[in-house]
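Below: the structure, in structure tokens.
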């Protein structure tokens with residue numbers, strides 16, 4: 001069981017017994033009111049000037065900085081409750097805020113504010129032989145329902161991206177981040193008010209009741225798209241039960257492959273960063289693959305450095321032959337997203353076997369190759385079926401902010417668009433504008 005599939009990530013999903021029970025009428029009424037307010041706000045945001053949205057994001061960032069003590073106090077309350085309930089340390093680390101992390105959240109809102117307005121973009125334009133001028137133009141999706149695990153930054157990122165793209169947002173975060181999310185949404189609401197936009201454009205479901213998610217999934221006609229972000233069980237449940245289209249952010253079972261033509265120093269630095277920079281994020285490398293031709297020369301130093309950094313190593317027999325201190329790996333290790341300081345290591349017979357391993361065991365999230373062979377790099381880019389594929393760079397760059405998108409609402413691992421980091425531009429759809437001059441169809 002991976003950390004993201006532990007029960008805490010499913011606090012947004014009731015048990016089978018709860019699913020069978022009728023929802024509490026008061027909660028159903030409350031959720032309906034939230035939906036009505038969101039639809040009304042979405043109609044305002046759809047035509048809101050870019051300057052108003054930019055001003056709201058800037059004011060929200062300022063409110064977060066000014067309210068640092070209150071937000072951190074709310075987070076401390078969440079952390080104390082989480083520790084009392086026995087939440088694992090790695091999950092508490094994902095939940096924790098400090099001045100630096102809160103500053104980064106505010107800076108993320110400011111980065112979103114500086115992006116070009118994605119609404120109203122002309123995506124294509126052409127003229128038909130009969131003189132009709134046809135244009136495809138980007139428009140908001142409408143109301144976005146976002147169900148996510150206990151990471152407070154997602155609250156701000158999701159709200160900010162929805163606002164930038166002209167959408168209203170209904171947020172249902174994990175129960176462990178309940179107080180933190182309320183404090184962050186209060187700052188977002190202040191920004192909206194100061195810009196003259198409806199503060200109901202970003203609403204947090206004001207209850208930890210798990211039945212609220214079931215109600216959200218049935219709000220077709222009110223919510224236009226559902227974005228779940230969490231463990232595999234949550235994603236599967238949402239995809240199974242939702243009556244609303246879903247943009248899925250699945251687990252990040254990411255790989256780094258060291259090719260025979262890899263530069264040893266690049267490989268060492270990239271692998272250490274890809275695994276250990278922050279082990280609890282979805283872009284952390286979980287499996288290291290190494291070409292047999294360089295296993296003996298490169299693996300011992302790389303694994304020794306990882307071990308010194310506190311990483312537990314699990315290797316196949318070929319890995320154990322060159323680094324006996326590793327523990328034996330099992331088949332389960334190839335399909336596990338640890339979100340912890342644990343790394344599975346396998347020696348492979350060249351790039352073909354590496355590609356086969358990744359496409360079989362990976363989650364189609366993010367995978368990287370380290371090589372100085374341009375042909376091998378291009379083959380890896382072409383044949384790896386993942387949303388993000390990197391050459392000579394850490395998998396921890398799998399992030400909307402690092403892609404210049406300000407932030408992300410998640411990384412979509414599905415094949416239908418949007419795929420990869422879902423930023424403001426990806427939260428739009430389009431419509432066709434047709435301009436004529438009296439044409440009638442024969």
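Here, each number is a calculation from the coordinates, and none is a lab measurement. Owing to the predicted nature of the structure, the values given are computational and were not obtained by experimental measurement. For neighbour counting, all protein chains shown are included, and Cβ atoms are generated from backbone atoms with ideal geometry for every residue, glycine included.
Relative to the dominant Cα principal axis of the chain, helix 99-114 is inclined by about 60°. Shape class of region 15-142 from the alpha-carbon gyration tensor: oblate, with a/c at 1.5 or above and b/c at least as large as a/b. Helix content alone sets the calculated 222 nm mean residue ellipticity of the chain: runs of n ≥ 4 DSSP H residues at -39500 (n - 2.57) each, divided across all residues, give -13500 deg cm²/dmol.
Peptides 46-59, 342-355, 181-194 ranked from most to least packed by the mean count of surrounding Cβ atoms within 10 Å: 181-194, 342-355, 46-59.
Against the main long axis of the alpha-carbon atoms of the chain, helix 68-84 sits at an angle near 60°. Compute the helix-to-body angle for 50-66: its Cα long axis versus the longest principal axis of the chain, expressed 0 to 90° and rounded to tens. Long axis of 50-66 versus the principal axis of the chain: about 60 degrees. Each 20 Å bin, from zero up to the one with the longest distance, holds this percent of the alpha carbon pairs of the chain: 25, 51, 22, 2, 0. Give me the distance between the Cα centres of region 160-223 and region 265-344, rounded to whole Å. Here the answer is 39 Å between Cα centres.
Over the chain, Cα pairs under 8 Å with separation of 6+ residues give a relative contact order of 20 percent. Shape class of region 254-402 from the Cα gyration tensor (axes a ≥ b ≥ c, square roots of the eigenvalues): rounded, since a/c falls below 1.5. When each of 429, 285 is scored by the number of other beta-carbon atoms lying within 10 Å, the sequence from fewest to most is 429, 285. Between the alpha-carbon centres of region 39-67 and region 383-442 there is a gap of 22 Å. By the count of neighbouring beta-carbon atoms within 10 Å, fewest first, 254, 282 end up ordered 282, 254.
Judged by the gyration tensor of its Cα atoms, with axes a ≥ b ≥ c, region 227-278 is prolate; a/c meets the 1.5 cut and a/b is the larger of a/b and b/c.
Between residue 321 and residue 137, the modelled labels are 6.5 nm apart [label points 7 Å from Cα along Cα→Cβ]. Counting 0.36 nm for each residue step from residue 430 to residue 356 and taking away their Cα separation leaves a gain of 22.9 nm. Ranked for footprinting exposure by Cβ neighbours inside 10 Å, fewest first, 361, 126 give 126, 361.
Measuring nothing but how far apart in sequence close Cα pairs (under 8 Å, 6+ apart) lie, relative to its length, region 254-402 scores a relative contact order of 33 percent.
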